[in-house]
Amino acid sequence: MIKITLPDGSIREYEKGTSSLQVAQSISEGLARNVLAAEVNGEIWDASRPINTDSTVKLLTWNDQGGKSTFWHSSAHLMAEALEALYPGIKLGIGPSIETGFYYDIDFGDHQFSSDDFDKVEKKMIELAKTKEEYKRSDVAKADAIKYFTEKGDQYKLELIDGLEDGSITFYQQGNFTDLCRGPHIPNTGFIKAAKLMSVAGAYWRGDEKNKQLTRIYAVTFPKASELTDYLTLLEEAKKRDHRKLGKELELFTFSEKVGAGLPLWLPKGTSLRERLVQFLSKEQVKAGYEQVITPHIAHKDLYITSGHYEKYGKDSFQPIHTPNEDEEFLLKPMNCPHHCEIYKSKPRSYKDLPVRYAEFGTVYRYEQSGELHGLTRVRGFTQDDAHLFCRPDQVKEEFEKVIDLVLYVFKALGFEDYTAQVSLRDPENKEKYIGSDENWQKAEAAIIEAAAEKGLKTVVELGEAAFYGPKLDFMVKDALGRKWQLGTIQVDYNLPERFQLEYTGSDNQKHRPVMIHRAPFGSMERFVAVLIEHCAGNFPLWLTPEQYIILPISEKYADYAKKLSENLNISDIRGLIDNRDEKIGKKIRDAEIKKIPFMLIVGEKEQEENTVSVRKHGAGDLGSLTLDQFVEIIKTETAI
């Protein structure tokens, strides 16, 4: 017998060789019908795979990320089977799951393939899915694997096999299709009820432009046809909310080829919005005891060699700037933290001085590949709402918890209510990616885990997602469309203080190392604004929006009255503008709606005589006739954070 520990802590006994699916059946037939895979001792397995030792088991369904990933990887095999049936002789590359479905890289040979072929592939996939063929796993000797794909003439699989050790090779088969694969897979193809091919692109084999370019087909599948319908509706809504589209319509930012790809230009309205975010956070930082600092946009290359950034990120940075002095090189700043270390080091510190909290809205530069640039979410120059706290070891947890409070306050003020805290730890199997001792890493990871637990945060743990110098608490926020974004981040760092030889004099009159906490509630101002635009579809919170009102005179006869109203509103620190164009009022209203201005104040003869305004709210319609004082009260109420 073996003991199976379930997520609720309960322990059940089963015969050796029992599968996760059989465990599910012993709990409930309804549960078993929905099990796609299982997490066995932290590793995702086929639900049908026998368990031979005492194990911790989590059953995975469509509602689990691991279940979705397995479902989509299995769907990649189904799509490959459909493609082989429709296009005999094609060669297969790789077909992994991704965050929004899966893809498969295909060498079509003499066959032609385009988006016009999507429909027939989708139909073939569903036809094959209905046969409910089981995904069968088998261990294969390396010689047999080579023989199989040699006979099939698939050089891509042979190249993959060449890098595998004998005894570690597995095949998966469903129906007439066999693929080289580690798995795992869902029990059978019948779970796949809806399929949609999304796009087609070129992709060099193994990402090397020296290799042949294959055809990469992106697709998505679902266990219910209605879920595909909902997903496609969501994509249409996402197009409407695209920050690149709205950013142009709302005149927030632009890009220029002459300035350079990935280097945004903030227009007046975008700058107003961005500065309001800066003011909002700066005010809270002053309350929390932060001191504002400013550092240059460039620094000597040696600074980043000391910090380790050059070794880890040098290839992703802009090329060094050579000065007239021989062998003198500077870099555009990729990070603010080394600069803040030098500020800390600028004078002696006592244990009584700590914690020291430095904040800076610092612009940094990283040379992202041109194919990865995307609006404001992926740029080459961006501003971080950066801060670095230098504290004693006994202060770490308290300071970390205070930063958590600040991040959550920011999210609440901006309407981000659905978030998960990701505890990002180093990969224990790949420690050479990181700097610092095991002891320091263990202390830092423990501090983050304890602080998150004490704050009652909903957390997930991700191995291998830590920064190279320390673990992180990354806040994964869901927007209004249910998409996940990584925004705020907090990091505990014992390593940079070591590399920069930072010190303070302790109560024992001895020298000690401070601990460094990195934090950025917004993360990148550019990325944060992009996510905010898409989250609220450009309908920003009233306290943040660049223009809170627009006055629409019915004709030029009421221009003076409109000007008087605007002056009075400005005195009350309410910002807006007047539309004095010689246009019909209907067009003015439509244009104001498109620009998403929260309030329209329509004025004509009646309003001028009664000293009132006719108020129309964006997306809500008429609010009736109000005095200016009544309107000011509405604004004051709605702008309270």
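The table for this structure:
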item: Projected area averaged over orientations for the range 61-131, convex hull of C-alpha atoms, nm²; result: 5.1 nm²
item: Unit charges on C-beta of K, R, D, E only; dipole of the range 448-540, Debye; result: 180 debye
item: Partner aspartates and glutamates for Lys3 [C-alpha distance under 18 Å; skip if fewer than 8 residues away on the same chain]; result: Glu13, Glu15, Glu39, Glu43, Asp54
item: Cα gyration tensor shape of the range 66-232, rounded if a/c is under 1.5, else prolate or oblate by comparing a/b with b/c; result: oblate
item: Pair Thr637, Lys564: separation of 7 Å Cα→Cβ label points (nm); result: 2.7 nm
item: Rg to Rh, two decimals, where the range 60-100 supplies the alpha carbon set and Rh follows Kirkwood; result: 1.09
item: Anchor Lys152: lysines whose Cα lies under 29 Å away (excluding residues fewer than 8 positions away in-chain); result: Lys91, Lys120, Lys123, Lys124, Lys130, Lys132, Lys136, Lys142, Lys196, Lys210, Lys212
item: Exceeding the 24 Å Cα-Cα cut-off - candidates Lys412/Lys455; Lys245/Lys588; Lys258/Lys478; Lys269/Lys636; Lys563/Lys588; result: Lys258/Lys478
item: Rounded Å value of the spacing that divides the Cα centres of the range 112-171 and the range 534-557; result: 56 Å
item: Anisotropy class of the range 549-638 from Cα gyration tensor, a/c 1.5 cut; result: rounded
item: DSSP-loop GluC sites (Glu not before Pro) across the range 145-196, with at most 11 other Cβ within 10 angstrom; result: Glu165
item: Highest average packing first - 357-367, 586-596, Cβ atoms within 10 Å; result: 357-367, 586-596
item: Anchor Lys333: lysines whose Cα lies under 20 Å away (excluding residues fewer than 8 positions away in-chain); result: Lys301, Lys312, Lys315, Lys345
item: Linear extension gain, Asp405 paired with Thr323, 0.36 nm per residue minus alpha-carbon span; result: 25.1 nm
item: For the range 179-232: rounded, prolate or oblate by the Cα gyration tensor [a/c cutoff 1.5]; result: oblate
item: Spatial separation of Cα centroids for the range 267-333 and the range 46-86, in angstrom; result: 44 Å
item: Peptides 441-454, 69-82 ordered by average Cβ neighbours within 10 Å, highest first; result: 69-82, 441-454
item: Net charge of neighbours whose Cβ lies under 14 Å from the Cβ of Tyr310, counting Lys and Arg as +1 and Asp and Glu as -1; result: +2
item: Förster radius 45 Å - calculated FRET efficiency between Glu498 and Lys123 (Cβ-Cβ, nearest 0.05); result: 0.15
item: Theoretical gain in end-to-end length, Thr229 to Asp629 [0.36 nm per residue, Cα-Cα removed]; result: 139.2 nm
item: The chain, helix-only ellipticity at 222 nm - DSSP H runs n ≥ 4, -39,500 (n - 2.57), divided by all residues, nearest 500; result: -10500 deg cm²/dmol
item: Whole-angstrom gap from the range 435-512 to the range 562-605, using each part's C-alpha centre; result: 48 Å
item: Angle between the chain longest axis and helix 268-287 axis [Cα atoms, degrees, rounded to 10]; result: 90 degrees
item: Nearest 10 degrees, 0 to 90: helix 559-571 Cα axis against the chain principal axis; result: 70 degrees
item: In degrees, nearest ten, helix 525-535 long axis to first principal axis of the chain (Cα); result: 80 degrees
item: Residues of the range 392-408 with amide N under 17 Å of a point placed 7 Å along Cα→Cβ from Ser437; result: 393-394
item: For the range 104-164, with +1 on Lys and Arg beta carbons and -1 on Asp and Glu, the positive-most of Tyr135, Tyr156, Phe108 along the dipole; result: Tyr135
item: Sum of side-chain charges, Leu577 neighbourhood, beta-carbon under 14 Å (Lys, Arg +1; Asp, Glu -1); result: +2
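Every read-out reported here was derived from the displayed coordinates using simple, explicitly stated rules and does not represent laboratory data. What you see is a predicted model, and the numbers here were worked out from it, not measured in a lab. Here the Cβ is made from the backbone with ideal geometry for all residues, glycine too, and neighbour counts use every protein chain on show.
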